[in-house]
């Protein structure tokens, strides 16, 4: 009888806003109390953090106790993915619930880019602000640096951070003179430091943490959304004075331990202000580690390759979340999910309407809260890269890699001292099929022995091309929307 009541409650929950009368009852639920209405939301997005870089995913060279505590007090996903293995595209997917190529965002925007997020796209903070949320973005934006593309024009009330990656500056050892202009630091719509150099970057994590904590403490009269998209551990790496030289693993460890310390400050601010029980905290990464930087990069653990490829090391990322009383503590979720699913899931939680235009993400609330028998709601995930190339897709345990040129790091030519190593090109000339349940490291191509699976996935690839396009096959998708462009 209790299961029947629970099922009915969740059917109603899926089509109505949250109310205090809805019961979160299941065998794995930590409480039978009503779900909180309009919880605070803290979404932390690391830059180039590898699947294996956290203690809760097996790392022992440095310590990440604050981030690990999110997993210990909540849930850890083992099969969570970014839509693309690169900066701007992955952020576009997270904040819109769309595959980035659907909305015209490709690769990594830079100071010379004239495009950015379109005004007609509906971003997560816009949905939340409609429900009464105060909103704040901290860190790397990377959806366009011109005024019309900046966070305050797309649903955020406050912003502190860099408009693009911290290596897009004139101070790097490998940057040719004139390649980049000065790197600016923004507060809201204004530049407060026109030339962020190495000394400034040493202070960024502290500045970001101060801004985030102040926002939380000033926003307690209304629900709030904090989007903390950290600049690091993207290269170049800089750590503050309290952390520099402290990790036995060098500068990468220093940076991650300072990052973890800032996450700890955010969690402590929630606790001391009695906000913890009504706050959903999510931590994940934009893509895998930039392995060509050697000791200045993290690890993908058992996964193949890293950033810049659609192998698992490039797109499978850590994801942990906690929400006391709603997400069972100390649980693990092995079902597949993606950053595109964050927006529709949060929309369900707060009772917001989804955008009227098509999006690609689906509600994974049952996965997030570890409901019994919860399954991935997607038949297929598509992995695009570069300028609209459909390079891979995933369906259940099966992964199909389509013909393309993969630019992988060379393990014999990794960089050092903050300089990149060399890459090697792998020319994939025929479809490759991997069963990730049996072959997580993508070492054995089983396409020849699974013709029916290959045929089914090739049909799914055609379906994706029809909707989202594919520059490799010169296919224009019928569901594509343009990026925003600055006025001529």
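Adding -39500 (n - 2.57) for every DSSP H run of four residues or longer, then dividing by how many residues the chain holds, sets the calculated 222 nm ellipticity at -7500 deg cm²/dmol. Taking 7 Å steps out from each Cα toward its Cβ at residue 332 and residue 189 produces label points 4.9 nm apart.
Would region 257-394 count as rounded, prolate or oblate if I go by the C-alpha gyration tensor, calling it rounded below 1.5 in a/c and otherwise prolate when a/b exceeds b/c, oblate otherwise? Oblate. Can you tell me the FRET efficiency between residue 439 and residue 221 if r is taken as the Cβ-Cβ distance and R0 is 60 Å, rounded to the nearest 0.05? My answer for the efficiency is 0.70. Counting neighbouring Cβ atoms within 10 Å and putting the fewest first, the residues 142, 435 line up as 435, 142. Neighbour counts of C-beta atoms inside 10 Å place 454, 390, 143 in the sequence 454, 390, 143, starting with the fewest. Annotation: the residues 87, 408, sorted from fewest to most other C-beta atoms within 10 Å of their own C-beta, follow the order 408, 87. The overall shape of region 170-211, judged from the alpha-carbon gyration tensor, is oblate: a/c is not under 1.5, and a/b is no greater than b/c. Where in region 56-98 does the amide nitrogen come within less than 18 Å of the point 7 Å from the Cα of residue 246, taken along Cα to Cβ? Once the point is set 7 Å along Cα→Cβ of residue 246, 60-69 turn out to lie under 18 Å by backbone N, inside region 56-98. Is the shape of region 336-488 best called rounded, prolate or oblate, per the rule: a/c under 1.5 gives rounded, else a/b larger than b/c gives prolate, else oblate, with a ≥ b ≥ c the square roots of the Cα gyration tensor eigenvalues? Because its axes are fairly even, with a/c under 1.5, region 336-488 counts as rounded. For the pair residue 486 and residue 273, what calculated FRET efficiency results from E = 1/(1 + (r/R0)^6), where r is the Cβ-Cβ distance and R0 = 45 Å, to the nearest 0.05? Calculated transfer efficiency: 0.65. A crude spin-label estimate for the pair residue 78 and residue 146, with each label 7 Å from Cα along the Cβ direction, gives 4.7 nm. Only one item in (i) 66, 57, 51; (ii) 68, 57, 47; (iii) 83, 46, 44 matches Cα extents along the principal axes in Å derived from the coordinates shown, and that item is (i).
Stretching the chain fully between residue 430 and residue 119 yields a gain of 108.0 nm (0.36 nm per residue, less the alpha carbon separation).
No lab work stands behind these numbers, since they all come straight from the coordinates. In this text, all values refer to a predicted model and were calculated from it rather than measured experimentally. Note: ideal-geometry Cβ built from the backbone for every residue, glycine included; neighbour counts use all protein chains shown.
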